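Student: My structure is below; once you've seen it, I'll send some questions.
The values are calculated or read from the model by the stated rules, or taken from the named source; none is laboratory data. What you see is a predicted model, and the numbers here were worked out from it, not measured in a lab. Please note: Cβ atoms are built from the backbone with ideal geometry, for glycine as well, and neighbour counts cover all protein chains shown. Just the protein is used for accessible areas: all its heavy atoms, side chains included, with ligands, DNA and RNA removed. Shrake-Rupley method; radii C 1.70, N 1.55, O 1.52, S 1.80 Å.
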Amino acid sequence: MSYLRLKELLLEHIKGEEYHFRSIQEELIKKAETLLLEKHSSSSTEFASILIDQLLYPDKHIFVQN
């Protein structure tokens, strides 16, 4: 499955949620998509992995140095 299909399913799932929570989730999805495309990938597994990392470790970038 392409990440686009997974993205579509996620956006459909959050459609009825309160605006504040929906906008936070939409932002996470957009950020995950950007990170995925920076890796030149379109894998739904990679997309899901990035989303999980964002949810579990939102401040991870503070600890990782380039």
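Student: Can you find even one residue in the range 42-51 that is open to solvent by less than 60 Å² (accessible area, probe 1.4 Å), at pLDDT below 90 and of a type outside the set (Asp, Glu)?
Tutor: No, the range 42-51 contains no residue that is open to solvent by less than 60 Å² (accessible area, probe 1.4 Å), at pLDDT below 90 and of a type outside the set (Asp, Glu).
Student: Still on this structure: Out of all the residues in the range 20-60, which are of a type outside the set (Gly, Ala, Ser) and not in a helix (DSSP H, G or I)?
Tutor: Once the filter is applied, which keeps residues that are of a type outside the set (Gly, Ala, Ser) and not in a helix (DSSP H, G or I), the range 20-60 yields 39, 40, 57, 58, 59.
Student: So the check is Cβ under 8 Å with 6+ separation or different chains; which pairs have a first residue in the range 18-39 that's under 15 Å from residue 4 (Cα atoms) and a second one that's aliphatic (A, V, I, L, M) and not in a helix (DSSP H, G or I)?
Tutor: From the range 18-39, the pairs are 26/14.
Student: Also: Specify the residue that is surrounded by the most Cβ atoms within 10 Å (Cβ to Cβ); the eligible residues are those in the range 6-32 that are among the acidic types (Asp, Glu) and more than 15 Å from residue 55 (Cβ to Cβ).
Tutor: 17
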